[in-house]
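S.K.: Have a look at the structure that comes next, please.
The values are calculated or read from the model by the stated rules, or taken from the named source; none is laboratory data. If you're wondering where the values come from, they're calculated on a predicted model, not measured in any experiment. In this analysis, Cβ positions are derived from the backbone assuming ideal geometry, glycine residues included, and neighbour counts consider all displayed protein chains. These area figures cover heavy atoms from the full protein model, side chains too; ligands, DNA and RNA do not enter into them. Shrake-Rupley method; radii C 1.70, N 1.55, O 1.52, S 1.80 Å.
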Amino acid sequence: MAAVFALAPAAARAEWQAVEEVRPYSISGTTGAELYKSIGARGPEAGASRAIAHTTFKLTWTRKYEPQGNACVITTNRPKLIITYTLPKPSAALPPAIGSSWDAFIAGVHAHERVHGDTIKAMVREIETTSIGLTVADDPDCKKIRIELTRRLGEISQRQRQSGRDFDKIELGEGGNIQQLILKLVNGP
């Protein structure tokens, strides 16, 4: 199967914006230690344990596959991306001293999750660039192109997942940013 990639002019690409939303989950406590314990009990599931926060996304595409001669070409490729950040939120007002510690903690956690959101947006842009104008020869029924596109998208998706794992390894590791945020919250005022 011969696949040819042709870049479409930038004007031919539709501009899109990711929809980003925060989905809070309720925690309780009046000290940093109590808040962190509540996060451990109520945080989003992450394998066999729970996480402080989590970033998920829903990605759908509007694509148009057009036979051109004996080939098939992707002529339209518009993403719809919704990124959801799941973050803890105290269920009651916090005492002033712990409130400032909490604000610093949640700002750092939210910034961490936004990095994950940025890698997702970068992945979608790469998919868009890879897909628009993709041409597969000897495919007048536009079947082979779907197989080729799926192969390419799988590679892009795996790179994005690995990037997220590498980032988390640093951030969550010994002395990492998230570990420092946790220590400041738990040992705070």
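S.K.: Condition test on residue 41, is it modelled with pLDDT of 50 or more, of a type in the set (A, V, I, L, M, F, W, C) and more than 24 Å from residue 81 (Cα to Cα)?
M.R.: Numbers: modelled with pLDDT of 50 or more: yes; of a type in the set (A, V, I, L, M, F, W, C): yes; more than 24 Å from residue 81 (Cα to Cα): yes.
Against the criterion (modelled with pLDDT of 50 or more, of a type in the set (A, V, I, L, M, F, W, C) and more than 24 Å from residue 81 (Cα to Cα)), residue 41 qualifies.
S.K.: Here's a follow-up. Which pairs turn up if I take residues in region 31-57 that are within 15 Å of residue 185 (Cα to Cα) and look for partners that are of a type in the set (Phe, Trp, Tyr) and open to solvent by 70 Å² or more (accessible area, probe 1.4 Å) with beta carbon separation below 9 Å, at least 6 apart in sequence or on another chain?
M.R.: 52/36
S.K.: When only residues in region 124-152 that are surrounded by 17 or more Cβ atoms within 10 Å (Cβ to Cβ) and within 15 Å of the chain's Cα centre (by Cα) count, which is nearest to residue 87 (Cα to Cα)?
M.R.: 124
S.K.: Moving on to the next point. Sort out which residues of region 95-112 are within 17 Å of the chain's Cα centre (by Cα) and surrounded by fewer than 13 Cβ atoms within 10 Å (Cβ to Cβ), and write them in order of number.
M.R.: 111
S.K.: Quick one: which residue in 121, 89 is touching a strand residue (DSSP E or B) at 6+ places or on another chain (Cβ under 6 Å) and open to solvent by 20 Å² or more (accessible area, probe 1.4 Å)? Write out each step before concluding.
M.R.: Working: 121 fails: touching a strand residue (DSSP E or B) at 6+ places or on another chain (Cβ under 6 Å).
The conditions single out 89.
S.K.: Something else: Mind listing whichever residues of region 41-82 are exposed (fewer than 13 other Cβ atoms within 10 Å of the Cβ), small (Gly, Ala, Ser) and farther than 30 Å from residue 145 by Cβ?
M.R.: If the condition is that a residue be exposed (fewer than 13 other Cβ atoms within 10 Å of the Cβ), small (Gly, Ala, Ser) and farther than 30 Å from residue 145 by Cβ, then 41, 46, 47, 48, 49 are the ones that fit.
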